[in-house]
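The values are calculated or read from the model by the stated rules, or taken from the named source; none is laboratory data. All values reported here derive from a predicted model rather than from experimental measurement. Cβ atoms come from the backbone with ideal geometry, glycine included; neighbour counts cover every protein chain shown. For the accessible areas, the whole protein counts, side chains as well, though only heavy atoms, and no ligand, DNA or RNA atoms are used. Shrake-Rupley method; radii C 1.70, N 1.55, O 1.52, S 1.80 Å.
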Amino acid sequence: MLSKLLASDDTDSEGEVSDFAHETLLKSLGVDKDKKEETSKQRTESVQEVSVFSLGQKSYDDTHAGKVHLHQLINSLEGKSNINILKKQINRVKRPTQHLNAPLSKPVAERLQRKVEYEKASTTVSHWDGTVQKNRKADHLSFPLNQKPLQIKTVDEFLFHKSKKLTPLEEEIQALMNGNKCLERKDHDLSVLEEEALTTLSLEEARARRAELQKHRALLSYHEAKNRRQNKIKSKKYHRMMRKRKMKEDSPKALDIKLADQQRAEERASLRHRAGSKWEKGRKLIAKHDEKTKFELDAQKQKHEELMVRPEPMGSVDLSAETPTIPATFGNDGDAFDHAVLKLPVENNPWLSCTSETTKNDSKLDNTSVTAKCDSGDELLCDNAAKSSSLMTWLSQEENNSVESMKTVVPAIDSEAVKKFKEAFSKIKSSGDGEDGSYDFIQERAENSEHEANSESLKFKTLDKGDHKFPNLNTGDSPEEISCTNLKTKSNSTGSTLFKPEIENISTSSDLKFVHDDNNSLGDEQRMTIEQAFADDDVLAEFSFEKNELIEGSKPKDIDLSLPGWGEWGGTGVVPSKRKKRKFLTKAKPPPPRKDVNLDHVIITEDRDIQIAKHQVHDIPFPFVNSDHFEKTIVRPVGSTWNTPSAVKSLTNPEVSTLLGAIISPMDSESKEPNKTKNKNNFKKQKVGAHTSRSSRKQNRLQKLKILGID
Amino acid sequence: MKVKVLSRNPDDYQRETKLDIHKVYRNYNPALHPFEAPREYVRALNATKLERVFAKPFLASLNGHTDSVCCMCKHKQRLNTIFSGSCDGEIRQWTLTNQRCIRALPAHTGFVRGITCAPDGTTFISVGDDNTIKHWTTDALSEQSHNPLNTIVTKTLYTGIDHHWKEPIYATCGQTVDIWNDERSEPVKVYKWGTDSVNSISFNPVETNMCVSTVADRSIVLYDLRSSIPINKVILKLRSNVVAWNPMEAFMFTAANEDHNLYTFDIRRLDFASNVHTDHADAVLDVDYAPTGKEFVSGSYDKSIRIFPVNGSRSREVYHTKRMQRVFTVKWSLDNRYILSGSDEMNIRLWKARAAEKLGRLAPREQAAADYNNKLKKKFAYHPQIKRISRHRHVPKTIYSILKEKRTIKDSMRRKEQNLRAHSKPGTVPHIPERAKHIVTTAIKDDDIDEEDSLV
């Protein structure tokens, strides 16, 4: 190759040896051109002064670095024992070195430090968020905070904490309690004694006990099953029988059973006249076809209505009706049928007192109300409507008549019952006093008569077993009852007919009123005084007049813009022409219909009252969202007039209360609440504040409302 | 005609003795009480009127100073003791129970700039214009009572002082904010941020390591004793005079500003005042929180004292008297019942915190009635008549006219802004809330901007 190159050299001219050829030659020789130049810097001759710059040049051995490297030095140590360790250490040193940056300028450093410190301070302060939020929302705060609540120690605590010596009594009690086996233990279900009893029970005994218990349980279940079976039986008869039997077992007296039957019948009787009874239902079906039944039903209905009428208050009766009422009671045996007879004291009624005073003038007053109680055996019947009405007519006709005259009327009533009634009545009259237990006389004193006025009330009570005697009644079990109390008779001795009206309110629904003609002069007088007192007061007319005036006043007026004399001949007495009047008259629109058009007794003003408006809230105040909400808070009263004391106390609890004379120290780290993440979010929300949507703002408002304690 | 009347047994309704309460039988059935709301409204109206009738807040005037009172300090352990410093360098100790001065100390030459009481209540410290810090005993009867326990002569003038709420540390402010230990005569730590002098300093009563100072360059600076540098700063449009911390909320403080307003800040959000309290007619010189943290009192250069609710922007009460001049200092007593004000005309005045409140212990029935009336007033507060009566206050003509003028100015500015907004491209005139309007910037925000600039 060399010869080739040389040959190529030869081919060129001497002077013009191409550079390329020269380089390739050098390369082939392993000589670099640059090195060649460097080598030229090598010292070739010894000089006394050696330039520093020529030192440290790259050696021929190593192309990369001019310096002697450590690994080159190590090469000389080849074969030594610890060469690997040395190599590692050298490698570590050889890594590229990390330099510390130059320190920041003071302002920048402070800026960074400040930022960090500020963040740190913010977080430490944020730990108070929970506490602060809680206190802000609290309905009531009592300062100073963290007051220790007054607490009463339990006995155990007290004894436990008691450092003093125990008193002898306490010691004694403690000794007793300590050793006691019956004492309940906190950690066990059973006391010591009970546990012991359990453990001492032998097997035999336990078995016997169990068998006994089993037997008992079985018996109990049999009994239960039997009862259940019996209860399922629908037969009424069976149950009635059972009941009777049971009663017999309980109290063997047959009398009691009979009595109980009677009681039951009475009870049923009291329900007889209720509309929609079983009897009525049955009749209704037949009534379509049967006239008689229909009549019965009507009578029944009428009676029901009569019974349902509430007894009128005495005053009105006295003033309106010219006759006092005479309710009479015909009932069953009085013992069982206990009527609460309430008397309205006549003296207390201011309107009647006048009447009673006038009676005072009359020398004698025999106020007799007779109550007769007939035996249950006496079957006095005046139950059906026809008969009762006849009795009523009789009583109404019987005016200013003596009992004798009454007798004459009686035959008109072809009823055995009435006869009996009369008999009884005459008996009473003659005897004047109760002869046997069946008659009950109640003596009463008339208040304002000096003379003893004999007021005897005769109460007739009859039990009807009319299903046997009066087929037209055709009631199975329900007896009839007519009450007729306060029968008034005039006093024979004086001949004057003066009755002191007396009301007897009978508690049972059934009471019949008989209207009795009375001397009406007193009532008239009374009425006259009242009429005189209010003679000038025509309140209703006044009101209607007032209302009309108001309506007229509130109507919009026509506006007349015509000017008399304008465009026409002037002068006195000028009348604008009709045409002008028509042209310039603006007719008022009819007002919207008033709300009180159809209400005669009220005036509804729809105008805004300025005097009241001054006190009214015009806009919904801030924390409230709608008017309803606000109104509710206003309407709900807080005062003690409307609320119980405890409610008032809680409602009027002030937001902040302070202890008198106590120093309120700042918030303590003890009272720090554990911070909730919620609060943090709240804070963030507040931060965002400006961007919150409308709905969230509304929510905030609601929350605020809650905070304010308005609900 | 004889008139019959209903008769009752007197035992049912009469008291046995005059000390008994009247027996009242009530039926709470609402059907029997148809006009609850109107009746309560009338009661509320009466209560409001009576409140105005009984509103006599001024209790006493403590006179004795021979120059205007420029600073005051409450004893931290005793309710009845206060200290006051005047412009002639005199410090007086007062007993509020009998409204007497129990000692007068010629403490400094020149102004007494600040007084503060140690939390244990044994000593108080004062700074004055004579470049001294003096420690005094609070015990007026001790031998040492007329001489300071310790006097520290300083190189620079201090304008304010406040004591740490728990530890024996206090801070002074002047050219720098210095933190001192009670025992040492050299400051333990020195904070300096900028070259402007610091007007006042106040320690946080809850997070006790924090304090805040107002600086003459219109800024309020926040410090944490655990860090070596001040941690944040907010710059307002005008200078703040004093800052008071809310004693119940660790992160809230209120600054009394020269622009007639007070600004309540959350220290976590200094670029946005959480509330702006407006009503004063001149620069607000002092502010102090009620110990409940629900209200604060402020004294102003307009010769009036106002009481603001913490969460309300308008004052609920204004106190003034004809003779009271510029109010330099106000304090709210630690039992939440009284307010003290020191003013230019050398008097300290004692006021009730709630003008119509009855002083002293109330009988349970009195208390119940008062509670009920307060509740009614609150319930019907939105009704125009009640609102009008309860809000009505007489103010001196000067204040009235200034406020009127301010209102006019404010309205006109608002109108102008509205017009501007209406006639310019939407979005070009932004709505700036009142709470952000008065705040120029905060340090951290500034730093961020600077950093961004440097990155660019």
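In table form, for the structure just shown:
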quantity: Between the range B:341-389 and the range B:1-20, the Cα center-to-center distance that results, in Å; calculated: 38 Å
quantity: Rounded Å value of the spacing that divides the Cα centres of the range A:574-598 and the range B:145-224; calculated: 86 Å
quantity: Near-label residues of the range A:656-670 by backbone N, under 15 Å of a point 7 Å along Cα→Cβ of residue B:366; calculated: A:660-661
quantity: Relative packing of A:101-113, A:638-650, B:128-140, which averages over residues the other C-beta atoms within 10 Å, highest first; calculated: B:128-140, A:638-650, A:101-113
quantity: Shielded by partner chains, the range B:236-255 residues - at least 40 Å² of accessible area, 1.4 Å probe, vs chain alone; calculated: B:248, B:249, B:251
quantity: Whole-number accessible area per residue in Å² for the range B:58-352, which is evaluated in the context of all protein chains at 1.4 Å; calculated: 33 Å²
quantity: Total formal charge among the other residues, if their Cβ is under 15 angstrom from that of residue A:556, Lys/Arg +1 and Asp/Glu -1; calculated: 0
quantity: Accessible area buried, both sides summed, chains A and B with 1.4 Å probe, Å²; calculated: 5800 Å²
quantity: Distance (nanometres) between label positions extended 7 Å along Cα→Cβ at residue B:271 and residue A:539; calculated: 7.5 nm
quantity: Rough spin-label spacing in nm, given labels placed 7 Å along Cα→Cβ, for residue B:425 and residue A:216; calculated: 10.0 nm
quantity: Point-to-point label distance, residue A:228-residue B:400, nm (Cα→Cβ direction, 7 Å offset); calculated: 9.2 nm
quantity: FRET efficiency, residue A:127 to residue A:631 (Cβ-Cβ, R0 35 Å, nearest 0.05); calculated: 0.25
quantity: Förster-model FRET efficiency, 41 Å R0, residue B:438 and residue A:560, C-beta, rounded to 0.05; calculated: 0.05
quantity: Residue B:416-residue B:176 FRET efficiency (beta carbon distance; Förster radius 60 Å; 0.05 resolution); calculated: 0.90
quantity: Given charges at beta-carbon only (K, R positive; D, E negative), |dipole| of chain B in Debye; calculated: 3420 debye
quantity: For the range A:634-670, residues shielded by at least 50 square angstrom of accessible area compared with the chain on its own, probe 1.4 Å; calculated: A:634, A:638, A:641, A:642, A:652, A:658, A:660, A:663, A:664, A:666, A:667
quantity: Test item: Cα-centred dipole of the range B:336-435, Lys/Arg +1 and Asp/Glu -1 on Cβ, debye; calculated: 420 debye
quantity: Size of the range B:58-352 as Cα extents on the principal axes (Å, biggest first); calculated: 51, 46, 29
quantity: For B:23-29, mean number of other protein chain Cβ atoms within 10 Å; calculated: 2
quantity: Occluded residues from the range B:333-347, i.e. those whose accessible area drops by 30 Å² or more once the chain is not alone (1.4 Å probe); calculated: B:334, B:335, B:337
quantity: Backbone N within the range B:269-289 under 11 Å of label point (7 Å from residue A:656 Cα along the Cβ vector); calculated: B:289
quantity: Accessible carbon and sulfur surface of the range B:166-301 relative to its total accessible area, %, 1.4 Å; calculated: 46 percent
quantity: Carbon and sulfur %, accessible surface of the range B:11-145 computed with the full protein complex present, 1.4 Å; calculated: 53 percent
quantity: Length added when fully stretched, residue B:42-residue B:6, from 0.36 nm per residue minus Cα-Cα; calculated: 9.9 nm
quantity: Charge dipole (the range B:58-352, unit charges on Cβ, about Cα centre) - positive-most of B:141, B:299, B:241; calculated: B:299
quantity: Net +/- balance of residues flanking residue B:112 in space, Cβ distance below 9 Å, scoring K and R +1, D and E -1; calculated: -2
quantity: Size of electric dipole in the range B:118-270: Cβ of Lys, Arg +1 and of Asp, Glu -1, about Cα centre, debye, nearest 20; calculated: 580 debye
quantity: Gain in span if fully extended, residue A:74 to residue A:188, counting 0.36 nm per residue against the direct Cα distance; calculated: 32.4 nm
